[in-house]
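The values are calculated or read from the model by the stated rules, or taken from the named source; none is laboratory data. Source: prediction; values computed, not measured. Note: ideal-geometry Cβ built from the backbone for every residue, glycine included; neighbour counts use all protein chains shown.
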């Protein structure tokens, strides 16, 4: 008698739920933080954005800061996809699926941060076509919604197709997914470029009204994103999840180094342009750097600059071959870019206000809890996706038939 084979869903559920003690503790911590964030978000829904540190003067805080950072992290996955599919790098091709899964998790976090920032997510229907006003193509926000959801769908399709076929033990048919991969390659820079256009199109905010914002966004994304991927690969190797060829790490390191140097060059160019002329519009940057009175942001941005410079020096010296130094440099880059693009870029655009008021923005405890909850939920999703993908790619999890 031929019994039905175990279902895909049951196999995947067992894979996610079963793990060693370290895995269980990690997942428990992420679930706990996610629930705390959900509780804080419910408090925000009940009492409004009054529970955050934002106000009329600074209307974009940590939510949009994290959104801007994570859009870049999602877009950076393309830096692994290009050598895998265009240059036919076999070693990178074996692990490229892990970066595409990270793009999915990062995009979900982006959408959650936007939802938290809206304050009243139940009113999203106002921008739906037919029942609301989509305002396309004039609204940059509408463009951002389109490209983010489009990129999420493309990655979901590619990852779902590849993993399902490998789970079933079937041969991948190139025409069924490779065209989508190439579309995603062209799509990836758009999501961060259009996010940059959201800022630099606001002429009333001189700090953002610069033609260098989009290139800076891309350069910072292509340094922080691959740096994070290096850390993920190191963790996977440490726990013996899979073997990452040393050439893969070396190639990603080159991408990180070049992108970081370009980002520092663009940042230095922006500093010179704003500060050398000493125009009235340089007041935002002067305040950010602490040159115009006391600023709670100054220690953060100076720390970010120092971290990025030290990381660049490490990556240019022979010590970059040492795994510990490389790990430290990657952590410095991720933290430094987060501070630079979040606190240093988004919030500084509001200070001073158009009326000349210098407002010190400080996020509330509830706002921080929501942020940690969303980040934990994103890492929870990514961990679960990796827990499924690794055994499928290694051939340890596959469709099987039970015969009597």
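Observations on the structure shown:
- Contact map, segment 118-133: residues that are within 28 Å of residue 51 (Cα to Cα) paired with residues that are at pLDDT 80 or above and not in a loop (DSSP other than H, G, I, E, B), Cβ distance under 6 Å, separation 6+ or inter-chain. Pairs shown: 119/49; 121/115.
- Residue in segment 290-298 that is surrounded by fewer than 17 Cβ atoms within 10 Å (Cβ to Cβ) and part of a helix (DSSP H, G or I) present: no
- Filter result for the condition that a residue is outside any loop (DSSP other than H, G, I, E, B) and surrounded by 21 or more Cβ atoms within 10 Å (Cβ to Cβ), over 376, 389, 384: 389
- Segment 41-67, residues that are assigned to a loop (DSSP other than H, G, I, E, B) and without any contact (Cβ under 8 Å) to a residue 60 or more places away in the chain: 56
- Segment 26-37, residues that are surrounded by 15 or more Cβ atoms within 10 Å (Cβ to Cβ) and closer than 24 Å to residue 117 by Cβ: 30, 33, 34, 36, 37
- Scanning segment 197-233 for residues that are under 27 Å from residue 395 (Cβ atoms) and surrounded by fewer than 17 Cβ atoms within 10 Å (Cβ to Cβ) yields one hit, 231.
- Subset of segment 240-288 (residues that are farther than 26 Å from residue 78 by Cα and touching a helix residue (DSSP H, G or I) at 6+ places or on another chain (Cβ under 8 Å)): 270, 271, 274, 275, 281, 282, 284, 285, 286, 287, 288
- The selection criterion, being part of a helix (DSSP H, G or I) and on the phi < 0 side of the Ramachandran plot, holds for residue 261.
- Selection status of residue 121, at pLDDT below 90 and out of contact with any helix residue (DSSP H, G or I) (no Cβ under 9 Å at 6 or more places or on another chain): no
- Checked against (1) touching a residue at least 12 places away in the same chain (Cβ under 8 Å); (2) over 23 Å from the mean Cα position of the chain (by Cα); (3) part of a helix (DSSP H, G or I), residue 179 passes all but condition (1).
- All conditions in (1) surrounded by fewer than 16 Cβ atoms within 10 Å (Cβ to Cβ); (2) closer than 30 Å to residue 352 by Cα; (3) modelled with pLDDT of 95 or more hold for residue 40, with the sole exception of (1).
- Criterion violated by residue 27 - all others in (1) touching a helix residue (DSSP H, G or I) at 6+ places or on another chain (Cβ under 7 Å); (2) farther than 18 Å from residue 386 by Cβ satisfied: (2)
- Annotation note: of 315, 326, the sole residue that is modelled with pLDDT of 95 or more, surrounded by 21 or more Cβ atoms within 10 Å (Cβ to Cβ) and either over 30 Å from residue 233 (Cα atoms) or over 21 Å from the mean Cα position of the chain (by Cα) (or both) is 315.
- Tally, over segment 210-239, of residues that are over 22 Å from the mean Cα position of the chain (by Cα) and part of a loop (DSSP other than H, G, I, E, B): 3
Yes/no per residue for (1) over 27 Å from residue 48 (Cβ atoms); (2) assigned to a helix (DSSP H, G or I):
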residue	(1), (2)
114	no, yes
136	yes, no
161	yes, yes
183	yes, yes
186	yes, yes
205	no, no
208	no, no
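- Within segment 136-150, tally of residues that are in contact with a helix residue (DSSP H, G or I) (Cβ under 6 Å, 6 or more places away or on another chain) and more than 26 Å from residue 44 (Cβ to Cβ): 3
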